[in-house]
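A.B. asks: The following block contains the structure, expressed as structure tokens.
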Amino acid sequence: MSEYNFNQIEKKWQRYWEENQTFKPSATSDKPKYYALDMFPYPSGAGLHVGHPLGYIASDIVSRYKRLKGFNVLHPMGFDSFGLPAEQYAIQTGQHPAITTEQNIARYIEQLKNIGFSFDWEREIRTSDPSYYKWTQWIFMQLFNSYYNYTSDKAESIEKLVAEFETNGNANVNAACDDDTPAFSAEEWKNMDEQQQAETLLKYRLTYVAEAVVNWCPALGTVLANDEVVGGVSERGGYPVERKKMRQWMMRITAYAERLLQGLEEIDWPEPVKEMQRNWIGKSVGAELDFAIEGDGHIKVFTTRIDTIFGATFVVLAPEHELVEQITTPEQLEQVEAYVQVAKNRSERERMTDVKTVSGVFTGAYAINPISEERVPIWIADYVLAGYGTGAVMAVPGHDSRDYTFAKHFNLPIREVVAGGNLEEEAYAAKEGKIINSGFLNGLEVKDAIKAGIAKAEELGVGKGRVQYRMRDAVFSRQRYWGEPVPVYFKDGIPHLLKQEDLPLELPKIDAYLPTETGEPPLGRAVDWKYENQYEYELSTMPGWAGSSWYWYRYMDPQNDNAFAEKDKIEYWRNVDLYIGGSEHATGHLLYSRFWNKFMFDLELVVEHEPFKKLINQGMIQGRSNFVYRVNGTNKYVSFGLKDQYETTQLHVDVNIVENDVLDLEAFKKWRPENADAEFILEDGKYNVGVEIEKMSKSKYNVVNPDDIVDRQGADTLRMYEMFLGPLEQFKPWNTNGMDGVHKFLRKFWRLFHDNDGNFAVSDDAPTAAELKSLHKTIKKVEEDVERFSFNTSVSTFMICVNELTQLKTNKRAILEPLTVILSPYAPHIAEELWEKLGHSGSISYAAFPEWKEEYLVENSFEYPVSINGKTRSKMTFALDAPKDEMEKAVLADEQVQKFMDGKSAKKIIIVPNKIINVVV
Ligand code: ANZ
């Protein structure tokens, strides 16, 4: 007697897998490799809810499928374990964040193991572990020691740059560097003191310290990245964010802008994610142009529309522009200063997106249009951003909407420019007061006019073509405790790297996880924390994205203490074949990872340009909230269908005390003390709850814990059910109403292998054509589905197959064995158990995925409706090649047919092949 005891079976196989290290890939292999990766989680205190495993189940199915297909599969899991919540908790409780993190991870692992993922747990990594962050620090050091050479189009050693400075200065250097990098000769370089040389090199290094205007969040006591600020407040916690100038570590990601853009063409990612990265990089092809300032100096503007130069009626500088102070006339000074003060405190994003508030001030100064030689006023306005292009624009209100709004508001001249060349159009345009291009721009289409404009500017020596990227260098410092220490110390204000053998630089112990009295980051509290007992360490830590920007390499060789991973392992595993995770990482993590990957590629540390070949964003599982309706002023609750007859208040109720939208009244009374004497107004003796789809969250009492589902119906049911909910990429509500169906399916599958008494009873008889057909069409469909990552359709295919086989009363090994193999990626525990019962030793994980055969799929029989005198009376199945006379005999012998012939003899039997049989009596 054996029942489908899922709890016991699942525990048994989870233990087996662990003890036998079933999912450890072979170290060296002739097999092709497959690397399936999940975005590793931040281990939060709330644990996993049923939404989290969705992507993990999908990648696990693919991993298990690939093993059956003969691949050597790397499928690891780890934890992105530095982060703000642990630190916030530490601030409140004084407990070291490492302790909370450790506890949360333990819970995550337990929950993950319950679901039967085929992770190789030996490879688990934690970004907050010193043995891991040693290598994050090491990569930081490589970045510090590198600059970007545009001529070779890759990162190179800073020593090479120094050698070049020593022989030729920087005249021939074509490198990514700060805008304010001065030109110097070899002589001048040699005459610089150590401090000056160090400052100069910082202008080239791929990670560097610089004064930067940053998003400072006073409530969190730290700087935030642009993508951590949403609508002017911090993404986490919603605290106000200010613009502030601070000395920060930066990453020169802009050096890679073009390669990050081009690389998108090579990878199989969702188009919206690629588009977001393209927009983030924001490439603009245009020109920079010098407007001479009346009096002295000039203003460089960046424009993508040099063809509109004859319509430029004023120039606008960003309020922070360094020329503002110099050009403002005494009469305008007060107004200008007041305006600069106000503009400074508006965030860049606000300034960019706010089209309603028009504000600006005239500086009193004038500039000369270098091509038309027209004299135009110089204004300042905050719609021009300091950090983009040159921080100055030539305003063409006839063609640019922001310039237009501004000109309208301040009554500045507006002139449209017409290409010219067509006399009729020109005459009309002249009447309308439009400017007609003359000379070198006359008659040209926009594209050609831009080219001609750039050529003219170059000829006159007043400008040149310029490619501009919207992307900025990334701020890399966080004024927090719970992050990687930066492996840098300061000597006379100059940053120096630690010696490599001194890595990892571990987080020091501190007495409180708060900034110091003097406003230094928390690390400033560490006592006696000095490099070589004398030099100050950097006090900020790295941002959350540092550890996640290279972690997929560590999984290849997680315990290595001599390298972040051994070269031959990197050469074998190369990069990630399938990466599954949430779409919220479109520009943050996924862009930084691509950047570090390209950098590591340049240094020949890794062998692929792109880290993640294919990306899938799993949709979010939303909560399905339940509501009760309290009659106002009473402790009475009215059922959903009757609520409109009363004045009620809608209240969330815990989804765990509701089944099929009916409230468990006793559980409700116990749920909260104030419910103890609750009364109910029922419908048909039941309390029906209201339902709404919302984000899954504690406060809405709609969180479903996977452990509960695993307890009640098993991990295999949970896995198949999550896939059954709908296409992986789709957002969909969690709705347990369909779960029973999936569970029943597994019981039905189990029963195919057992007789009515529950004894294992599989026969070795040869299968029938119908059985083979059912099996082979299932193999075919499931294979096609997994190959195109469509998992929900496979689940329904399995269900149809098991229904068919149940009807056919199949218990044949030849059918059930291959079916068990193809089901095993979805429901691995039940598959292992039945595989063992079928007499196999060892895990089903390395069985071979069966091949489907076309011959079994073709129809070889037909079910004919049999009619007597035009009325359908029976149904009979014949082989497609059955001889006519045999068919006639069989028809006449059929019981049903005989009954309706009523003892008469047949006059005629008409057989229309593959259609119908008609008996005329
Ligand atoms: C004249 C002009 C005429 C412009 C026209 C546009 C249309 P993208 O494509 O986003 O790169 N611009 C340049 N620097 C700016 C800054 N720091 N802050 C705000 N705006 C700036 O935009 C480039 C265009 O945006 C430039 O081309 C400039 O306006 C403006 F019919 O110059 B244009």
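A.B. asks: With unit charges on the beta carbon (Lys/Arg positive, Asp/Glu negative), name the residue among Val315, Phe302, Leu808 whose Cα is farthest towards the positive pole of the charge dipole of the chain.
C.D. replies: Towards the positive end, the residue furthest out is Leu808.
A.B. asks: Once the mean 1/r over all distinct Cα pairs of the stretch 364-421 is inverted, what Kirkwood radius in angstroms do you read off?
C.D. replies: On the way: mean 1/r = 0.0789 Å⁻¹.
Over the stretch 364-421, the inverse of the mean reciprocal pair distance is 12.7 Å.
A.B. asks: Apply the Karplus curve 6.51 cos²θ - 1.76 cosθ + 1.60, θ = phi - 60°, to the phi angles in the stretch 649-656 and return the couplings in whole Hz, x for Gly and Pro.
C.D. replies: 10, 7, 10, 5, 10, 4, 5, 7
A.B. asks: Also, I was wondering about something else. Restricting to Cα atoms and excluding each atom paired with itself, what does the Kirkwood estimate give for the stretch 205-273 in Å? Can you show the working numbers first?
C.D. replies: Details: mean 1/r = 0.0704 Å⁻¹.
Roughly 14.2 Å, rounded to one decimal.
A.B. asks: On to the next question. Under 8 Å for C-alpha pairs, at least 6 residues apart: give me the relative contact order for the chain, rounded to a whole percent.
C.D. replies: Taking the mean separation of contacting Cα pairs over the length of the chain, I get 13 percent.
A.B. asks: Would you mind checking Lys274/Lys344; Lys134/Lys598; Lys203/Lys344 for any pair whose Cα atoms are more than 29 angstrom apart?
C.D. replies: Lys274/Lys344
A.B. asks: So if I take the centroid of the Cα atoms in the stretch 545-597 and the same for the stretch 485-510, what is the distance between those two points in Å?
C.D. replies: 24
A.B. asks: Still on this structure, I have one more. 222 nm [θ] for the chain, helices only, -39500 (n - 2.57) per DSSP H run of 4+, per residue, to 500?
C.D. replies: Value at 222 nm, helices only, nearest 500: -10500 deg cm²/dmol.
A.B. asks: Can you report the principal axis dimensions of the stretch 361-486 using only the alpha carbons, biggest first, rounded to whole angstrom?
C.D. replies: If we take the Cα atoms of the stretch 361-486, the spans are 71, 32, 24 Å.
A.B. asks: Rounded to the nearest 5, what % of DSSP beta bridges with both residues in the chain are antiparallel?
C.D. replies: 75
A.B. asks: Continuing with this model, one more query. Residues of the stretch 680-700 with the amide nitrogen closer than 17 Å to a label point 7 Å from the Cα of Tyr646, along Cα-to-Cβ, please.
C.D. replies: 680-691, by backbone N distance to the label point.
A.B. asks: Which value, in Å to one decimal place, does the Kirkwood hydrodynamic radius take for the stretch 824-869 when every pair of different Cα atoms is included? Show your work: numbers first, answer last.
C.D. replies: Details: mean 1/r = 0.0700 Å⁻¹.
Computed over the stretch 824-869, the radius equals 14.3 Å.
A.B. asks: Once phi is turned into ³J(HN,Hα) by the Karplus curve 6.51 cos²θ - 1.76 cosθ + 1.60 with θ = phi - 60°, what whole-Hz value does each residue of the stretch 700-715 show in order, with x for glycine and proline?
C.D. replies: Calculated HN-Hα couplings, in order: 9, 6, 10, 7, 10, 8, x, 4, 5, 5, 4, 4, 7, 10, x, 5 Hz.
A.B. asks: Straight distance only, please: which lysines reach the Cα of Lys66 with their own Cα at less than 19 Å, same-chain residues fewer than 8 apart left out?
C.D. replies: Filter leaves Lys24, Lys31, Lys33, Lys613, Lys614, Lys780, Lys781.
A.B. asks: With N set to the residue count of the stretch 250-362, report its C-alpha Rg divided by 2.2 N^0.38 Å to two decimal places. Write out the running numbers ahead of the final one.
C.D. replies: Values: Rg = 18.7 Å, N = 113, 2.2 N^0.38 = 13.3 Å.
Here the answer is 1.41, to two decimals.
A.B. asks: Express in whole angstrom the spacing between the alpha-carbon centres of the stretch 365-423 and the stretch 845-921.
C.D. replies: The distance from the Cα centre of the stretch 365-423 to that of the stretch 845-921 comes to 84 Å.
A.B. asks: Another one. Amide H of Phe680 versus every other amide H placed in the peptide plane: which residues, excluding those fewer than 5 positions away on the same chain, fall under 5 Å?
C.D. replies: The answer is Tyr637.
A.B. asks: Tell me the angle of helix 271-281 to the major Cα principal axis of the chain, expressed in degrees between 0 and 90 and rounded to the nearest ten.
C.D. replies: Roughly 10 degrees between the two axes.
A.B. asks: With the Cα gyration tensor of the chain in hand, give its eigenvalues times 5 under a square root as the equivalent ellipsoid semi-axes, listed largest first in whole angstrom.
C.D. replies: 64, 37, 32
A.B. asks: Right, another one. Over all directions, the average projected area of the alpha-carbon convex hull for the stretch 861-920 comes to how many nm²?
C.D. replies: 3.5
A.B. asks: Which order results if Ser845, Ser185, Ser699, Ser234 are arranged by neighbouring Cβ count within 10 Å, fewest first?
C.D. replies: Details: Ser845 22, Ser185 13, Ser699 9, Ser234 19.
Arranged by neighbour count, lowest to highest, Ser845, Ser185, Ser699, Ser234 become Ser699, Ser185, Ser234, Ser845.
A.B. asks: For the stretch 792-804, in order, what is each residue's ³J(HN,Hα) by Karplus, 6.51 cos²θ - 1.76 cosθ + 1.60 with θ = phi - 60°, in whole Hz (x at glycine and Pro)?
C.D. replies: 5, 5, 5, 4, 5, 4, 4, 4, 4, 4, 5, 4, 4
A.B. asks: Now a separate question. Taking 0.36 nm per residue of separation and subtracting the Cα-Cα distance, what length does fully extending Glu425 through Ala219 add?
C.D. replies: Between Glu425 and Ala219, full extension yields 68.1 nm more.
A.B. asks: Can you sort Glu787, Glu888 by how many other beta carbons sit within 10 Å, fewest first?
C.D. replies: Values: Glu787 11, Glu888 15.
Going from least to most buried by this count: Glu787, Glu888.
A.B. asks: Using only Cα atoms, find the angle between the long axis of helix 446-460 and the longest principal axis of the chain, and express it within 0 to 90 degrees, rounded to the nearest 10.
C.D. replies: It works out to around 30 degrees.
A.B. asks: If all Cα-Cα distances of the stretch 751-906 are sorted into 10 Å bins from 0 onward, what percent lands in each bin, rounded to whole numbers?
C.D. replies: 9, 30, 26, 18, 12, 4, 0
A.B. asks: Cα axis of helix 333-344 to longest principal axis of the chain: angle in degrees, 0 to 90, nearest 10?
C.D. replies: It is inclined by approximately 20 degrees.
A.B. asks: How long are the semi-axes of the equivalent ellipsoid of the stretch 621-694, defined as square roots of 5 times the Cα gyration tensor eigenvalues? Whole Å, largest first.
C.D. replies: Three semi-axes, in Å: 18, 14, 12.
A.B. asks: Sticking with this structure for a sec: Trypsin sites (Lys or Arg not before Pro), restricted to the stretch 791-858: which are DSSP loop and have at most 10 other Cβ atoms within 10 Å? Don't skip to the end; give the middle numbers.
C.D. replies: Working: sites: Lys809, Lys812, Arg813, Lys837, Lys853; in loops: Lys809, Lys853.
For trypsin sites (Lys or Arg not before Pro) across the stretch 791-858 that sit outside H, G, I, E and B with at most 10 neighbouring Cβ atoms in 10 Å, the list reads Lys809.
A.B. asks: Then there's this: In whole percent, what relative contact order does the stretch 283-469 give with Cα contacts below 8 Å and a gap of six or more residues?
C.D. replies: Relative contact order of the stretch 283-469: 31 percent.
Read the figures in this text as sums done on the coordinates, not as results from a lab. Treat the numbers as computed from the prediction; the structure is a model and nothing was measured. Heads up, the Cβs are rebuilt from the backbone with ideal geometry, glycines too, and the neighbour counts pull from every protein chain shown.
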